[in-house]
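Chemist: Let me begin by handing over the structure; questions about it come next.
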Amino acid sequence: IPPFSSSLPEEIDLSELVQTRFSKHLLTSMKSNNVAVRQGAADSFKSLLSRCKTESLVQKIATEIIGPLKTQKITAPEHRIAYAQALSAVPLSADVSKGIVQGFGPLFARESNEAALEEELKAFNTHLAFLIKSSVKVSDDIINTIVKGISEKRIPFRKIWQLNVGEVLWTSD
């Protein structure tokens, strides 16, 4: 799918196709125990999302991805990593990024795996940095989540938080 997606002309919008036909199947494949299937689905999702332009449909796709993470339906860290990789590829816009950032808020308090936390923070920071650069107000809940993260008791988790938040601050104006 990635080579096919990249070969299409830039003006083609795949939002409706991804939302109606591909997202459920790719999300199911990202829950696979087979590493090749899971990573292939995540890569396919990322390449298809790069061709999505309709904001309302992209918002629905992002909600479909972050929903199972928020409700703790994705229990394996490897699966959460694949979902986070897909979320980092969601096209940036104010409403979509705000929804993703707010969706990650409750997720971080429960995260127990370092690799999953790191990938989730990369996706979170991609959208947070866009919101900061766009001068969109970030809610107090998100700021409290960041403060709790950078003061985490577990040292490896605190280090991951501090590095990622520092990266957002470093790259923002």
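The values are calculated or read from the model by the stated rules, or taken from the named source; none is laboratory data. Just so we're clear, the structure is a prediction, and the values are computed from it rather than from any experiment. Methodologically, a virtual Cβ is constructed for each residue, glycine included, from the backbone with ideal geometry; neighbour enumeration extends over all protein chains shown. Surface areas here come from the heavy atoms of the whole protein model, side chains and all, with no ligands, DNA or RNA. Shrake-Rupley method; radii C 1.70, N 1.55, O 1.52, S 1.80 Å.
Chemist: Only Cα pairs under 8 Å and at least 6 apart count here; give the relative contact order of the chain as a rounded whole percent.
Modeler: In percent, rounded to a whole number, it is 19.
Chemist: Kindly express, to the nearest 10 degrees and within the range 0 to 90, the angle between helix 94-110's C-alpha long axis and the longest C-alpha principal axis of the chain.
Modeler: 60
Chemist: Relative to the longest principal Cα axis of the chain, at what angle does helix 55-70 sit, 0 to 90 degrees, rounded to 10?
Modeler: Value to nearest ten degrees: 60.
Chemist: Once Lys and Arg get +1 and Asp and Glu get -1 on their Cβ, which of 20, 35, 7 lies farthest toward the positive end of the dipole of the stretch 1-66?
Modeler: Positive-end residue among those listed: 35.
Chemist: Now, a different point. Quick one: helix 155-171 against the long Cα principal axis of the chain, what's the angle to the nearest 10°, folded into 0 to 90?
Modeler: Roughly 70 degrees, rounded to the nearest 10.
Chemist: In deg cm²/dmol and to the nearest 500, what is the mean residue ellipticity at 222 nm of the chain if only DSSP H runs of at least 4 residues count, each as -39500 (n - 2.57), divided by the residue total?
Modeler: Numbers: 9 runs with 121 residues, N = 173.
Theoretical 222 nm ellipticity from helices: -22500 deg cm²/dmol.
Chemist: With the cut-off at 1.5 for a/c, could you classify the stretch 109-173 from its C-alpha gyration tensor as rounded, prolate or oblate?
Modeler: Judged from the Cα gyration tensor, the stretch 109-173 comes out prolate (a/c at least 1.5, a/b above b/c).
Chemist: Out of 113, 146, 126, whose Cα points farthest toward the positive end of the dipole of the chain (charges: +1 Lys, Arg; -1 Asp, Glu; placed on Cβ)?
Modeler: 113
Chemist: Rounded to the nearest 20 debye, what is the charge dipole size of the chain about its Cα centre when +1 sits on each Lys and Arg Cβ and -1 on each Asp and Glu Cβ?
Modeler: Result for the chain is approximately 500 debye, rounded to the nearest 20.
Chemist: Okay, next question. Indicate the gyration tensor shape class of the stretch 1-54 (rounded, prolate or oblate), computed on the Cα atoms with a ≥ b ≥ c the square roots of the eigenvalues: a/c under 1.5 is rounded; otherwise a/b larger than b/c is prolate and the rest oblate.
Modeler: Oblate is the answer for the stretch 1-54, as a/c is 1.5 or above yet b/c matches or exceeds a/b.
Chemist: I'd like the carbon and sulfur percentage of the solvent accessible area for the chain, probe radius 1.4 Å, heavy atoms only, ligands and nucleic acids excluded.
Modeler: 55
Chemist: Can you pull out the trypsin sites (Lys or Arg not before Pro) in the stretch 75-139 whose DSSP state is coil and whose Cβ has at most 10 other Cβ atoms within 10 Å?
Modeler: Listed in order of number, the matching sites are 137.
Chemist: Kirkwood hydrodynamic radius, computed over distinct alpha-carbon pairs, for the chain: how many Å, to one decimal?
Modeler: Values: mean 1/r = 0.0611 Å⁻¹.
Result for the chain stands at 16.4 Å.
Chemist: Where in the chain is the longest stretch that carries no GluC sites (Glu not before Pro) classed as loop by DSSP and with at most 15 other Cβ atoms within 10 Å?
Modeler: Between exposed loop sites, the widest span is 12-173.
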